[in-house]
Every structure is written in structure tokens, then in C-alpha cells.
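The values are calculated or read from the model by the stated rules, or taken from the named source; none is laboratory data. In this text, all values refer to a predicted model and were calculated from it rather than measured experimentally. Please note: Cβ atoms are built from the backbone with ideal geometry, for glycine as well, and neighbour counts cover all protein chains shown.
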Amino acid sequence: MSVPGTYTQAWESFWRDAPPSDGAVFWDADASLTAALQVPLFEPYFDAGLPVVDFGCGNGTQTRYLAERYDRVVGVDLSAAAIEHARRADPHGIAEYQQFNGADAAVARRLHAEMGDANVYMRGVLHQCEPADREPLIEGIAILLGERGRVFAVELAAAAKGLLLGLAQAPGGPPPKLGAVFAHGLTPGEVADEDVPGYFAAAGLELLAGGEQPLRTTEFHPDGTRIELPSKWLVAGAGDQARPGSTEV
Ligand SMILES: C[S@@+](CC[C@H](N)C(=O)[O-])C[C@H]1O[C@@H](n2cnc3c(N)ncnc32)[C@H](O)[C@@H]1O
């Protein structure tokens, strides 16, 4: 795990300044446009009896949707301010939340000891964590999965970076919610496409399925169309698991 540094501080200040209202954060699209469209991709692979960890849950928009489908859902995030947002937005406590550095193997082991094997949902975290934490982060996920869990991960594709740069350099400046991301020193889209499967393989995880699905944002182009970022998803699990009719890898 890297020494707590710029990314930790950037995330803390980002979430401290983020408004609590629905859709106020650039990537925070409603679950009907996000997790609901991803469920068919991962549901055939997830053992529905296992708890689900939303890894890097942010303000918990997708966590709450997952908690409507699975008995036990735990949202974890590096940022204490993000966890505060998530708890406030879930007054009935349909999910649980923990401040958690996913790159800390000891913390992952403690959570695994408490909850047993879990499935993991991760949206847009690998490309937005401390670069030195990328490998430990996926190792942390492998600990949470144990033998039976599977991970669904969706990350920005390299093609998203050009789109983001174009938006950042627009004559009138970037769309305000994207501007807030850059203003906090966060630099989305830095992970090369070909590196992502390698992080999972290095953690001993086997790729079971994968494909492309855009990440819908809450901002719009001048022509009124929603800004969508090219993204890639995958499902992976511990080495020798059976495949339920795999697709698209
Ligand atoms: C782009 S946001 C995505 C939030 C959420 N997954 C969503 O789709 O709305 C990335 C999140 O990852 C969290 N994060 C970054 N590094 C992390 C780490 N090492 N452990 C846990 N969370 C981390 C950040 O605090 C941030 O909330």
C-alpha cells in the first residue's frame, strides 16, 4: 500500500466539497442508467447468496441499488467524506458503509474474516486511485472474493481520455461537474486498456467475461446529448471456477 498521498487528499477534498443532491457529481448517473444495465452482465456469474461489496462506492448511488437486489451489501471507500454522503443518502440503512483503503490487505482480510467470501462490484476506481495502489487494490479484491466470489469491474477505456481532454479544453471550459473533478487534482483515464486484465491476472484472478459499455455521466454536450465515456467491463474470479457460458472476453 502506498504512503497516504495526493490521491487520498484529493478524494477527501473532492467529496467534502461535493453537493449532496442527486446527479451533482460528474459520473454519478442514476442507477437506472448504470448498475441496472450492468446487472445482466454480472448476475450469471455472482452467487446470489454471497454478500456484495461496492468497492470504492463514492456517495453510494449504485450501492443502494445493489442493496435492493442482494441481502447484504457493504459500500467501502477510501474517503471518509464519501462514506458520510453515502450514509446520509441511505437513512434506512439498506446497505452498510465502511471507510476502507482497498489497497490495504490487512483491512481486506479483516472484512473477509467477518463476512466470508463476497462478490465485488467496482465502477471507475482503478483509474482513479493512487497509481502505486493499483496492484494492491486488485489484490485486496482477490482477498474479499476468496474461493467463491466474483468481481464485476468497469473502468474507463483509453479512448475516454481523449474525450475528457477535449471537454477540458473546450473554449468555454469543461462542463462544470467535470471541472470540479480536475479542480481537485483528480486525473481520470490514466490506466492503459491492456494493463487492466493484467492486474487481475497478477492477483491470481481468472477473467470469465468482458466487453464494452459506456459510462454514463450526469453532464450533457451542447447539443443536449448525455456525455458518455467509453468503458470496458470484466468479470473475474479465483482461478479454477466453472464458467456459466462465458461471453465476449
Ligand atoms: C470515480 S469515483 C466512483 C464512485 C462509485 N464507484 C460510482 O461509480 O459512483 C472513484 C471512487 O474510488 C474511491 N477510491 C479511490 N481509491 C480508493 C482506494 N484505494 N480504496 C477505496 N476506494 C478508493 C474514491 O474515493 C472515489 O469515491
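Residue count for segment 100-121 under the criterion of being surrounded by fewer than 23 Cβ atoms within 10 Å (Cβ to Cβ) and either away from the ligand (no atom under 11 Å from the Cβ) or under 20 Å from Gly210 (Cβ atoms) (or both): the result is 11. Of all the listed residues (Ala95, Ala82, Ala108), the sole one being within 16 Å of Pro20 (Cβ to Cβ) and either without any contact (Cβ under 8 Å) to a residue 12 or more places away in the chain or hydrophobic (A, V, I, L, M, F, W, C) (or both) is Ala82.
Residue-by-condition table, conditions (1) crowded, with 22+ Cβ neighbours inside 10 Å; (2) within 11 Å of the ligand (Cβ to nearest atom); (3) in a loop (DSSP other than H, G, I, E, B):
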| site | (1), (2), (3) |
| --- | --- |
| Trp11 | yes, yes, no |
| Gln38 | no, yes, no |
| Asn59 | yes, yes, yes |
| Tyr65 | yes, yes, no |
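For the residues Asp47, Asp22, Asp90, the requirement of being in a loop (DSSP other than H, G, I, E, B), at negative phi, modelled with pLDDT under 95 and more than 9 Å from the ligand (Cβ to nearest atom) singles out Asp22.
Would you check if there is a residue in segment 123-135 being of a type in the set (Lys, Arg) and surrounded by fewer than 17 Cβ atoms within 10 Å (Cβ to Cβ)? Checked segment 123-135: no residue is of a type in the set (Lys, Arg) and surrounded by fewer than 17 Cβ atoms within 10 Å (Cβ to Cβ).
Considering every residue within segment 74-81, establish whether at least one is more than 11 Å from the ligand (Cβ to nearest atom), in contact with a Phe, Trp or Tyr (Cβ under 9 Å, 6 or more places away or on another chain) and not in a helix (DSSP H, G or I).
yes
The residue pairs whose first member lies in segment 186-204 and is more than 25 Å from Thr6 (Cβ to Cβ), whose second member is away from the ligand (no atom under 16 Å from the Cβ), and whose beta carbons are closer than 8 Å, counting only pairs six or more residues apart or on different chains, are Pro197/Leu207; Pro197/Gly210; Phe200/Leu207; Phe200/Ala236; Ala201/Leu207; Gly204/Ala238; Gly204/Gly239.
Whether a residue is modelled with pLDDT under 95, more than 13 Å from the chain's Cα centre (by Cα) and farther than 23 Å from His127 by Cα was assessed, and Asp71 does not pass this test.
Number of residues in segment 135-155 that are within 9 Å of the ligand (Cβ to nearest atom) and of a type outside the set (Gly, Ala, Ser) equals 3.
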